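These notes concern the structure reproduced below.
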Amino acid sequence: YKLADGPYLVESLDETLHEPLRQKDLQLRLYYPRTDNACPVIVFSHSAFGSRENFYLLGQYWASHGYVCVHPTHIGSDTSVLRKDQPYQAMQKAAADPQNAINRPKDITFVLDRLTAMNTGDAAFKGKLALDRIGIAGHSFGGYTTLAIAGQTFVVARNDTQLADARVTAAIQ
């Protein structure tokens, strides 16, 4: 890495996409270089209690070097949780909810599917996404998300007998 920005001017776009299967909206921020060339894609998953607004310096930096960077907000383990009730209790509840561990990789899968559609039908991105060159990165809970998308199996040990040894990856697929 060099500290200097790359040769491309960077633009950003906020999108809200509706995912009909789970009946949820997914907010994205895209950072992309101003170029007519197809660019490789990096999907970046934020840490717990973050959002699409976090890690913007990475998104801008990578885009300046020729990457399209997609930062989704993972609802349920995002900053909005901190605005509910008492923040500490809200954080504990969100961290203990296995649905967040299941939904994050599903969010990424939906984003990847949507990028395919954008690359063929969206005026701003048509032909500009090199979808044969995709990287996925994340920080903390976003690192878990990255590993889950890559196929890592996680065993979740819980006191609740219905959730004991639940295989998160089985729920993702």
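The numbers here are math on the coordinates, done by the rules we state, and not lab data. Given the structure is predicted, the values throughout are model-derived calculations rather than measurements. Quick reminder, even Gly has a Cβ in these numbers, built from the backbone with ideal geometry, and neighbours come from all protein chains shown.
Side notes on the structure shown:
- For the chain, the share of DSSP beta bridges that are antiparallel, to the nearest 5, is 60%.
- For the chain, the longest principal axis of the Cα atoms and the long axis of helix 87-96 meet at an angle of about 90 degrees.
- Think of the chain as having a plus end and a minus end, set by charges on the Cβ of Lys, Arg, Asp and Glu; of A117, Y32, L131, L131 sits farthest toward the positive end of this dipole.
- Entries of K93/K128; K2/K93; K24/K126; K106/K126; K24/K93 with Cα pairs more than 29 Å apart: K93/K128; K2/K93
- Helix axis angle, 98-121 relative to the chain longest principal axis, alpha carbon, degrees: 20
- Going through (1) 0.92; (2) 1.08; (3) 1.01, the figure that equals Cα Rg over 2.2 N^0.38 Å as computed for the structure here is (2).
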